[in-house]
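Everything below concerns the one structure shown next.
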Amino acid sequence: MSETDQPRNTPARIFELYKTMCLIRAFEERAEDAFDEGFINGSIHQYIGQEAVGTGVCSNLRRNDYILSNHRGHGHSIAKGADPEAMMKELMGRVGGTSGAKGGSMHIADFSVGMLGANGVLADGLTMGVGAAQAITLKGDDSIVAVFVGDGTTNRGPFYEALNWAMVYELPIMFVCENNTYASSTLTRSVTAGDGPVARAKAFGMPAFDVDGNNVVAVDALATDLIARVRSGQGPHFLHARTYRVKGHISRDKLLYRRDGETEENWENEPLGQCASWLADNGLNEADLRSAHAAAYAQIDTAVTAAKESPFPDAALAYEDVQDFGPPEPWAGTGDAA
Amino acid sequence: MTTMTFADAVREGLAEEMRRDPLVWALGEDLSTAHGGTSANQYLGLIEEFGAKRIVNTPISENTIMGAAVGAAVAGTRPVADLRMADFGMCAVDELVNQAAKIRYMFGGQARVPLVVRQAIGMRKGGAAQHSQSTEAWYVHTPGLVVVAPGTPADGRGLLKSAIRADDPVVFMEHKDLWSTKGDVPDDEGMVPIGEAKTLREGSDLTIVSWSRMAHLAVEAAETLAADGTSVEVIDLRTLWPWDKVTVYASVAKTGRLLVAQEAVQVGGFASEIAADVTENCSTDLKTFPRRIGAPRMPVPYAEPMENEFRVTTERVVAKAREALDA
């Protein structure tokens, strides 16, 4: 849903963001259902409760801008314009998946919309992001890079290398720190010294700003400003969005580390409800909101059905796309990987 | 032909590729300083010709040198990342192994990762435990990577050019003790294809397969053995993955005996893979089982007598070769 070009804070623009957030929410809920039914292997990291961050940021990006995601990448992908049906096929390991069913949920990517990949290793998106920004500089494009990182990642070394690097080379990049409170099952503040991500970014001389990450109107407004600055050559910027991971680290996570009532208290502030209230207050009628919500779920239900009906890829495809020089040899003898 | 050092030849190769393709660029520590690289002048003068956007002098940030190269490669450029030494390359194994080697695959072919990472290997005198290692086997073991280890100035230049033009991530491992060695470099483009070995010396009684600096020692060993009337063929693999099985198999078919010599620790080394492969695939040609020689499984020691105890010397290669010849 890139390039929403209406002026900010208009009901029409925010309604578009609401639709994107509904799509992400529906995707994550239906993905969990499919996981529980045994249609998805491995694990899924859901974005429920954080939809406003990816949506508010990506709505200000162009198709040829790059984003790099972390392990929680479904929402970023949808917000950047990836096709949810191809994504659902990827999660289910089916033909037609965004990555040909080679990567699954944690490696969701859609290069055709500038989504350069979710990632199983935290902080690698930062180092690759500065490289992508360097490539932009070398090619003389006017595109930019946005890197999504979590609060837990601010304790990895490459986070500091990349922030320093981005400033040294004055790269066209925005770092988006989605502070969802938890680093896996650990409260991030219990293992983190100092005054937090904004202070850490400022230590590099990087302009850094804090926003309520559950308020898509606020995220969108701040992202509009910061991305305009990055695009106009003012160098790296840092957006810190306070949010809350409503679900567990992965869908199977039973949240045994949370105090009673904590999840429910935070659910009161979840972004879709806030956005719907804002839209109602700004003149949108409830029927339109309800039908947008229903349309998102209908789209995802169609995607789920299509994914379940899509075949699994031929096992022989496993050998493709390893490398040009010295590709793998199939098992000797049978000519059949099975 | 022009005679030049290994370091100069490889720098020429990089400069030629940078002139040919404006999307080729280099990044690493100290690239624009007075000695232009890791004290061997590998980048001397390049910043003056290509500017600071293409010869990027970086902070000591190995994760980002490697990670930025990956990001810049998927975003359409052809970076050459220099990690100074394979020992420092370990600081960036994640970005090389988890990202560079896997991005094309795990994203289903949506992107290629056309980068070169230079990681100098090998012992000099007194380098001790952390400035001496030969880690080629780590990367040969990693699907997605190409590994080259040229041993001459011409091969260094020609293989760097091929590596830059390849769409695969290539680990370019140059031996630190070869940088100052001289050799003839062709005046033409001088491409050396990835995956092609070179027979340094022909022979009929034993095949010694080696690479990088050790290939020179293998030639010395062959000369010593020639004095005994033994005819030894020496193959410099040049590319370790994919290695040139055609050339090695043909040689073993001729000689019936194989010794694989490497500077690295023997256990789990690449010589073991070649010996095992030839055992499986050339059994009817072999007159005796393949031998391998590599260093003892210990860190590289500092003091000279202990350091020499670690080294795979020409004499040790000769002794091992005689074992195979006498069998």
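Here is a yes/no grid of residues against (1) in contact with a Lys or Arg (Cβ under 6 Å, 6 or more places away or on another chain); (2) over 28 Å from B:D168 (Cβ atoms):
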| position | (1), (2) |
| --- | --- |
| A:N282 | no, yes |
| A:A295 | no, yes |
| A:Q299 | no, yes |
| A:A307 | yes, yes |
| A:D321 | yes, no |
| A:D324 | no, no |
| A:P328 | no, no |
Filter the stretch A:290-325 for residues that are charged (D, E, K, R) and outside any helix (DSSP H, G or I); the one that is surrounded by the fewest Cβ atoms within 10 Å (Cβ to Cβ) is A:D314
For the list (1) under 17 Å from the mean Cα position of the chain (by Cα); (2) facing another protein chain (nearest Cβ under 9 Å); (3) surrounded by fewer than 24 Cβ atoms within 10 Å (Cβ to Cβ), I need the number of the one condition that A:T98 fails. (3)
Looking at this structure, is B:H131 surrounded by fewer than 20 Cβ atoms within 10 Å (Cβ to Cβ) and either hydroxyl-bearing (S, T, Y) or without any contact (Cβ under 8 Å) to a residue 24 or more places away in the chain (or both)? no
So, in the stretch B:130-162, exactly how many residues are more than 14 Å from chain A (Cβ to nearest Cβ) and in a loop (DSSP other than H, G, I, E, B)? 10
Among the residues of the stretch B:65-91, how many are more than 9 Å from every other protein chain (Cβ to nearest Cβ) and either part of a helix (DSSP H, G or I) or over 27 Å from B:R124 (Cα atoms) (or both)? 7
Of all residues in the stretch A:180-218, count the ones that are touching a Ser or Thr at 6+ places or on another chain (Cβ under 7 Å) and either in a helix (DSSP H, G or I) or under 12 Å from A:F238 (Cβ atoms) (or both). 4
Of the residues in the stretch B:297-310, those that are surrounded by fewer than 14 Cβ atoms within 10 Å (Cβ to Cβ) and either charged (D, E, K, R) or touching a strand residue (DSSP E or B) at 6+ places or on another chain (Cβ under 7 Å) (or both) come to B:R297, B:E304, B:E309
Yes or no: the stretch A:107-114 includes at least one residue that is closer than 20 Å to A:A183 by Cα and either over 16 Å from the mean Cα position of the chain (by Cα) or facing chain B (nearest Cβ under 9 Å) (or both). yes
Failed item in (1) in contact with a Ser or Thr (Cβ under 6 Å, 6 or more places away or on another chain); (2) of a type outside the set (A, V, I, L, M); (3) surrounded by fewer than 18 Cβ atoms within 10 Å (Cβ to Cβ), with A:Y244 passing the rest: (3)
Are any of the residues in the stretch A:258-278 at pLDDT 95 or above and assigned to a strand (DSSP E or B)? no
Among the residues listed as A:D142, A:D151, the single one being among the acidic types (D, E), without any contact (Cβ under 8 Å) to a residue 60 or more places away in the chain, away from chain B (no Cβ under 11 Å) and more than 24 Å from A:K308 (Cα to Cα): A:D151
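The values are calculated or read from the model by the stated rules, or taken from the named source; none is laboratory data. What you see is a predicted model; the values in this text were computed from it and never measured. All Cβ positions, even for glycine, are placed from backbone atoms using ideal geometry, and neighbour counts span all protein chains on display.
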